Each structure stands twice: as C-alpha cells, then as structure tokens.
Amino acid sequence: MATSTLTGTTGNELLAAGGVATTLVQGGAGNDSITLALALDEADGGAGNDSITLAAVNGPQNTITAGTGNDTIFVNTQAASIGGNLGLNEGNDTFSNTSVQMVNASLGGNAGNDTIQLGAGSTNLTLGGGANVDSILVSAGTYSSSKFTGGGGADTLNINGATFSLSTVQASDGHDHIYASGAVLTNAIVAGGKGYDSITIGTSVTTSSIAGGALADTINVISAFGGGIIYGDGLGVTTGGSTNGADLIGSTQAQFVLLLQLSMVAAETTPSDSTVLVVLQLLTSSVETETTSSAIQLLLGLTLLQHFQVERVTTSSRWSLCKPRVS
C-alpha cells in the first residue's frame, strides 16, 4: 500500500513518483503522463487520455487504474519480470510489452476497443480484453499456466509465434477470430465461446483441446495436426444440437479430416437429427489412392454405412452424409 500521494489537477500534467516512498499518483482530469518509480507504486489516471509508464528497476508489481479515456500503459524497466494488477478501464486503451516476462500478473482491458500486445512470455498471467472489440496480439515468448480471455465483442486473438503450455486462450462471447496456426500448443486449450467464431490452428499442437463453442463455428487446421481433441461445440461436448450451430471443421490434410469425421460419426450410437449435414472435405485422389491406408478406407465405409445413406458428390470431390439411416 502506498504511503504517500501525488495528486494532479484538471490540466495536462507530468506526474512522476519520487522513488523514495511508495506513492499513489492520481492524475485527475486532463491528459496526464504518469511515471511509477518503485515496484509497489500505484496509479489512478482518472479522466482524460493518460499515459502510464512502469519504470521500477526491481520487479514492478504496480497497481494501475487507468480510468476513463483512451489510455496507454508503457513498460520501461530493466527488471526480468513484471507483475501486479494492471487495469486499462474504460476507453480504447493500449498496452504493449514485448520485452519483459509477466509473472503473477493481472491485465484487464475492460470496456472499450483495446489493443494488447505481448511478446516476452508469462507465468500465471490472467489477461482479459473486456467488453467491445479488442485486439490481442501475442507474437513471441512462452506462456505457462496463463489464461487469455477476449471478453464480450468481436475480438481478434492472434497468438502466432508464441508457445502455450498449460494455458487457456478463449475468445468468449462475440463473433471472434483466433489465429494460432503458428503457435506451439502443449496441454493447452483454445476455445471460441458463444458466437460465430473462426479458429485456425497448425502443426505444433500436442495433447491440447480446441473448442468452437456455441453457434456455428469454423475451425481450420493448417497442414498436419500434431495431436489433441477438437470439439465443434463446447469443451468436452460430444453431442450436437440445433442451438449449438452447424460447425465446419476443415483441413488441408485429407488424412486428418477423414480420421476426424470418422471419430465424430462413430462416437454416436444414434445419429443426430436429419437436419444435421456433415461434410467430409477430402480430396478424391487421397481417398482412392494408396495415400490412404486400406484399413482407414474400410473403417470409413463401415462407419458411414452404419449410420447414414451416403451420397458421393463427385463434382466437388467430397463425401456428403445426407440422411441418417433409419433402423
């Protein structure tokens, strides 16, 4: 807790904590520039478009309430890591940290169209975009035991180039986009939430779970799939329903799509209702040539014939499961 207070007025001011006693800096109205010098300094930006700089030499653990307005939090420290509770609050705010790892930290965008950029990794970080349309870019670093949440609104979460272990990336409500084709995911969760979401994943996925969430989602697997479980609906949900939407799961790898769809169909002892249309997006050549093993071809035939009347759509090079077979 701060032992001294530095208070601004209604103008645009430069307010710097003294660096001797732990200080609460209150910006008040106006577009203020606030600098925090000690690890436990605090800032309350107040109204206006404020900038707040974390400049403590020894592991900043600051508490920040940016206030109303379009605020920016800067990281300018030589410390190995930063933590604390960083709240951007209302307004179209910006936070950028590509140089220092975040440890035991909380970062909240709250209301407004916020932009958050990370690139140095984290351990035990909780990040939330909050309401409205947020952009979260994670370009590099390793993120362990951390949780990233887009919040309400049509958010974009681009985590290409980063590594996630025992972590969760969830877009939440809204029609969101998650770009993770270049991310390394190990024992991680990537989920859309409620909305017409789009999720792209790539090759470096190991024992992780991907979930589209409620409504009609699109999940696209770029190149080969490293391993894990993909759910069209919520995490762990293996039965479809009209309220969850018609999801589309596709891939550039025919083998992956074939095995994925076989798993989905074979898992149901009773097919979904007749309005459900499942499409196997397969290249005709990969099914008919030796690139697909005879065992997989046999399993495909037996599974589909067990549950569906199968129609071959030759013009579009795919299989279409049109109607559940009536027993």
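The values are calculated or read from the model by the stated rules, or taken from the named source; none is laboratory data. The shown structure was predicted, so the numbers you read here are calculated from the model rather than taken from an experiment. Here the Cβ positions follow ideal geometry from the backbone for every residue, glycine too, while neighbour counts run over all protein chains shown.
The table below gives the values:
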{"item": "Single residue of region 165-182 satisfying the filter (more than 11 Å from the chain's Cα centre (by Cα) and over 24 Å from G112 (Cα atoms)) that is surrounded by the fewest Cβ atoms within 10 Å (Cβ to Cβ)", "result": "L166"}
{"item": "Only one of N97, N85 that is surrounded by fewer than 19 Cβ atoms within 10 Å (Cβ to Cβ) and under 19 Å from G59 (Cα atoms)", "result": "N85"}
{"item": "Condition met for T238 (assigned by TED's automatic domain parsing to the domain that holds G128, modelled with pLDDT of 80 or more, over 14 Å from the mean Cα position of the chain (by Cα) and farther than 26 Å from G151 by Cβ)", "result": "no"}
{"item": "Whichever residue in region 55-86 is under 26 Å from the mean Cα position of the chain (by Cα) and among the aliphatic types (A, V, I, L, M) and, among such residues, is farthest from L14 (Cα to Cα)", "result": "A80"}
{"item": "Qualifying residue in region 56-70 (condition: outside any loop (DSSP other than H, G, I, E, B), farther than 26 Å from G174 by Cβ, out of contact with any His (no Cβ under 8 Å at 6 or more places or on another chain) and not assigned by TED's automatic domain parsing to the domain that holds S165)", "result": "yes"}
{"item": "Within region 128-155, tally of residues that are closer than 19 Å to N89 by Cα and either of a type in the set (S, T, Y) or touching a Lys or Arg at 6+ places or on another chain (Cβ under 7 Å) (or both)", "result": "2"}
{"item": "Residue count, region 164-188 (criterion: assigned to a strand (DSSP E or B) and without any contact (Cβ under 8 Å) to a residue 24 or more places away in the chain)", "result": "10"}
{"item": "Filter pass, S145 being surrounded by fewer than 24 Cβ atoms within 10 Å (Cβ to Cβ), on the phi > 0 side of the Ramachandran plot and without any contact (Cβ under 8 Å) to a residue 40 or more places away in the chain", "result": "yes"}
{"item": "Test: residue in region 204-223 that is at pLDDT 95 or above, assigned by TED's automatic domain parsing to the domain that holds A246, among the β-branched types (V, I, T) and crowded, with 23+ Cβ neighbours inside 10 Å", "result": "no"}
{"item": "Filter pass, G153 being in a loop (DSSP other than H, G, I, E, B) and under 22 Å from G245 (Cβ atoms)", "result": "yes"}
{"item": "Within region 96-123, tally of residues that are closer than 16 Å to I52 by Cβ and among the β-branched types (V, I, T)", "result": "3"}
{"item": "Residue match in region 23-32 (condition: more than 19 Å from T10 (Cβ to Cβ) and part of a loop (DSSP other than H, G, I, E, B))", "result": "no"}
{"item": "Of all residues making up region 136-150, the number that are part of a loop (DSSP other than H, G, I, E, B), more than 14 Å from I116 (Cβ to Cβ) and either among the polar types (S, T, N, Q) or not assigned by TED's automatic domain parsing to the domain that holds G109 (or both)", "result": "1"}
{"item": "Any pair with Cβ under 7 angstrom, 6 or more apart, that starts in region 190-212 at a residue that is acidic (D, E) and ends at one that is in a loop (DSSP other than H, G, I, E, B)", "result": "D197/A171; D197/H175; D197/D176; D197/G212; D197/G213; D197/D217"}
